[in-house]
Each structure stands twice: as C-alpha cells, then as structure tokens.
Amino acid sequence: MRRRYLVLLAAPLLASSVALAPAHVAQAGTAGTSGVKQAVKVTKVEVVTLLKPGETVECNGTPVAMAFDGKITATGPGTVRYHWTVNASRARVSPGSFAFGAGTSTKVALQVVDMPAPRNAKAVTGYVTLHLPDQKKSVRSEQVTFPCKK
C-alpha cells in the first residue's frame, strides 16, 4: 500500500516537470546567440609598450621580458576574441576574449614576451601584434629596442 501511495504522489510531480520542460527549452532557444548577430562594435584598438625603450639589458643568453598592453574599446554587448603574434611569426599566442556590456568600455590584455638576448649581441629588438579576427583588425606595437649592457 505504501508503495502505491508514493507512486500516486510522484505522478503529478513528474507530469508537471514534463509539462514545463518544453516551455523552458523554448526560452533557452530564444536567449541563445546562435544565428543572432552581436551588437558589439570595436571602436579603438591600440598596443602600448610598457618598458621604456633605450633601457639597457643583460645579453647573456637569457631571454629578455618585454611587456605590452593591448587596449580594446568597444560599444554594445558582445564578445571580442583576440590573440597575439610576436615579431614576424604567424604563430598565435595567448588567445583570449573579452565580454562587453551595454555602453562603451575599454578592456586591457597584458602580453609579456621573452625575446632572445644572445651573448655579445648589441641590442634586443622585438614587437607584438594584437589581432581581433572577428573584426578583421590587427594593430602592431612599435619596434622596441634595448641596447645590451657592455
């Protein structure tokens, strides 16, 4: 008798969850972003060198760290994907993305790169490029040169 009582109690709960499922699925389908163009618009992209050019470094075979900030300014909600490349390489480095909300805002991505510093070199040079593939935009930093200490 007890088993039959539990089944009778569970039946209305099961029926209500089945009835709610299609409505829940319909809401989720309209809230998704598939097939819907995002409203985010990138208005400015810049790459800033964080180390002072002209500063001397040790050239003893140990790589020299160079730091850059990628600043992305966008208006409207959506996601902006990015990745970096170093010097002339096409290899993608540090891919990521930023979620932007309504209004205009700026997001900053720090990129630290180890540039080779061969023994007896006169200087270490390098640059990075910030790529936003969905917006078909790329911005290159200035070429940074650090003289080697003598």
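The values are calculated or read from the model by the stated rules, or taken from the named source; none is laboratory data. Given the structure is predicted, the values throughout are model-derived calculations rather than measurements. Reconstructed Cβ throughout: ideal geometry from the backbone, glycine too, with neighbour counts over all protein chains shown. Surface areas here come from the heavy atoms of the whole protein model, side chains and all, with no ligands, DNA or RNA. Shrake-Rupley method; radii C 1.70, N 1.55, O 1.52, S 1.80 Å.
At-a-glance table
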read-out	value
Candidate set: the stretch 81-100, residues that are out of contact with any helix residue (DSSP H, G or I) (no Cβ under 7 Å at 6 or more places or on another chain), closer than 13 Å to VAL42 by Cβ and in contact (Cβ under 8 Å) with a residue 40 or more places away in the chain; chosen: the one least open to solvent (accessible area, probe 1.4 Å)	PHE100
Tally of residues being among the polar types (S, T, N, Q) and not in a strand (DSSP E or B) across the stretch 55-113	5
Looking only at the stretch 70-79, and only at residues there that are within 13 Å of SER138 (Cα to Cα) and touching a residue at least 40 places away in the same chain (Cβ under 8 Å), the one that is surrounded by the most Cβ atoms within 10 Å (Cβ to Cβ)	GLY70
Count - residues of the stretch 101-137 that are open to solvent by 70 Å² or more (accessible area, probe 1.4 Å) and without any contact (Cβ under 8 Å) to a residue 24 or more places away in the chain	1
Boolean, THR43 is exposed (fewer than 13 other Cβ atoms within 10 Å of the Cβ) and at pLDDT 95 or above	yes
Among residues of the stretch 114-150, those that are under 27 Å from the mean Cα position of the chain (by Cα) and assigned to a loop (DSSP other than H, G, I, E, B), counted	6
